[in-house]
1. Quick one: would you say R100 is surrounded by fewer than 21 Cβ atoms within 10 Å (Cβ to Cβ), within 22 Å of the chain's Cα centre (by Cα) and not assigned by TED's automatic domain parsing to the domain that holds F248?
2. Say whether the condition of being in the same structural domain as Q140 (by TED's automatic domain parsing), within 16 Å of ligand 2 (Cβ to nearest atom) and surrounded by 24 or more Cβ atoms within 10 Å (Cβ to Cβ) is met by at least one residue in region 33-46.
3. Which of the residues spanning region 111-127 are part of a loop (DSSP other than H, G, I, E, B) and among the small types (G, A, S)?
4. Residues E36, E94, E45, E26: which one is of a type in the set (D, E) and farther than 28 Å from A303 by Cα?
5. Which of the residues spanning region 70-80 are in contact (Cβ under 8 Å) with a residue 24 or more places away in the chain and farther than 13 Å from S16 by Cα?
6. Any idea which of P180, P198, P184 is out of contact with any Gly (no Cβ under 7 Å at 6 or more places or on another chain) and farther than 26 Å from L293 by Cα?
7. I need the full set of residues from region 297-333 which are of a type in the set (D, E, K, R) and farther than 24 Å from T201 by Cα, in order please.
8. Out of all the residues in region 178-218, which are loosely packed, with under 15 Cβ neighbours inside 10 Å, closer than 28 Å to E270 by Cβ and within 24 Å of the chain's Cα centre (by Cα)?
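The values are calculated or read from the model by the stated rules, or taken from the named source; none is laboratory data. Please read these numbers as outputs of a predicted model, since none were measured by experiment. Cβ placement follows ideal geometry from the backbone for every residue including glycine, while neighbour counts extend to all protein chains displayed.
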Amino acid sequence: MPDSHLMHRRLVILGSTGSIGTQTLEAVAHLNALAERGQSRQRFEVVGLLARSNGGMLADQAARFGVPVLALGDEDGTIQTRARVLRGAGAAEELVRATRPDLVVTAMVGAAGIPATLAAAEMGIDIALANKEALVAAGQLVVPAARRSGARLLPVDSEHSGLWQCLQGLCPRGELLVPPTPAPAVVRRAIITASGGPFRTTPVERMRAATVEEALAHPTWSMGPKNTIDSATMVNKGLELIEARWLFDLSADRLGVLIHPQSIVHAIAELADGSSIAQLSAPDMRCPIQLALTWPMRAEGCARAIDWRALASLEFAEPDPARFPAIGLAFEAIRRGGGAGAVFNAANEVAVGAFLGRCIPFGRIVEIVGEACATVACARAGTLTEIMAIDGAAREFAAGRVGG
Ligand code: NAD
Ligand code: MG
């Protein structure tokens, strides 16, 4: 196929050395190979990559994909490369502003992703959104900015990608639905699923004393350490409820969670007429990552298809609030609004760090999140400065509880 028929998209990946980042580069290589063979009309040029500190891996990625601009979040990180290198806490935002890509994949961890996500939304740059924490903490800024600029928030999180797929065909005039967009009124309830993590059936007292190794052993998904701990506590599902609230403008009473240990059904849209539409795929992040890149088209994928005959059963259950109190805290944060999401997220980041550093037991993580949500003032959260102040106050509060 001559090059003139190819759609060319310039891409930046924030967090390229992590779990989502490396799988995104894998998807890019795969899609470009398809384009090369005339089997896809989309070609991706990686124009910028960011990592926190792994300069060696970042330089290798840059050499492999011919990337001209790199960024290291860590001021002192060493890197040997011919590419231009940006550094420091502001490097992610600077990278987005310097390269002005068509699409930015936000695959860094935590609230550190807020400034770059907001900058992209303001600049009208499409965002393949993995960094849910940025939306949880600053959705009230990111979503209006994206609406004003026309930037699209293409979900990478598997449940939100699933929900996005379930909602197609439901718009009154049949148009494609691209977040941030309210879910059509015909959607009575949007349900996201959770595997239940490693402690789905562990006695609650035993779970409270779980070791770092036990909490990092996720039964179905392979992810970075923070997301894996968040899955074990179900804070991840709480963050995802808040994420869904922003992507699809869903109130708390139109959102639900079901435990589904097989991780095959990722989301369900319950409709007013009694139908439900579900999205199913193997638990493989390359599926939603690729869809965020190729949307509204689809291409041959790397992930294996579901083997229906090998599926013995698909089970669903309500999460037990005594085992997973994080879900209730997230619903409360959605109802309260303001900076409640920022508090929920920041306190969790500190508590997870403390657990991974073996300073607090597993059971304290969600307790500290709950204490922060009940204590830290968060009503004024209309500007980035106010949100960052709430984030800071929640971190300080949580750090005090970790020590105490
Ligand atoms: P990870 O820990 O494997 O990778 C994180 C990446 O971000 C690394 O490249 C790291 O160097 C970089 N990074 C982290 N903090 C940084 C900072 N302050 N400045 C600059 N770079 C920084 O994490 P992951 O599992 O790939 O998760 C990334 C994001 O995607 C998270 O928000 C997570 O919740 C979300 N997510 C992950 C999965 C998954 O399967 N891994 C699924 C859904 C959503
Ligand atoms: Mg998810």
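1. Numbers: surrounded by fewer than 21 Cβ atoms within 10 Å (Cβ to Cβ): yes; within 22 Å of the chain's Cα centre (by Cα): yes; not assigned by TED's automatic domain parsing to the domain that holds F248: yes.
Yes; evaluated as a whole, the condition is true for this residue.
2. Here is the first cut: in region 33-46, the ones in the same structural domain as Q140 (by TED's automatic domain parsing) are 33-46.
If we keep only those that are within 16 Å of ligand 2 (Cβ to nearest atom) too, we end up with none.
No, region 33-46 has no match at all.
3. First pass over region 111-127, keeping only residues part of a loop (DSSP other than H, G, I, E, B): 124-125.
Answer for region 111-127, where residues must be part of a loop (DSSP other than H, G, I, E, B) and among the small types (G, A, S): just G124.
4. On the way: E36 fails: farther than 28 Å from A303 by Cα; E45 fails: farther than 28 Å from A303 by Cα; E26 fails: farther than 28 Å from A303 by Cα.
From the options E36, E94, E45, E26, the qualifying one is E94.
5. Once the filter is applied, which keeps residues that are in contact (Cβ under 8 Å) with a residue 24 or more places away in the chain and farther than 13 Å from S16 by Cα, region 70-80 yields G77, I79, Q80.
6. Details: P180 fails: farther than 26 Å from L293 by Cα; P184 fails: farther than 26 Å from L293 by Cα.
Of the residues listed, the single one that is out of contact with any Gly (no Cβ under 7 Å at 6 or more places or on another chain) and farther than 26 Å from L293 by Cα is P198.
7. Step one: filter region 297-333 for residues of a type in the set (D, E, K, R), giving 298, 300, 304, 307, 309, 315, 318, 320, 323, 332.
Selection gives R298, E300, R304, D307, R309, E332.
8. Across region 178-218, the qualifying residue is only P182.
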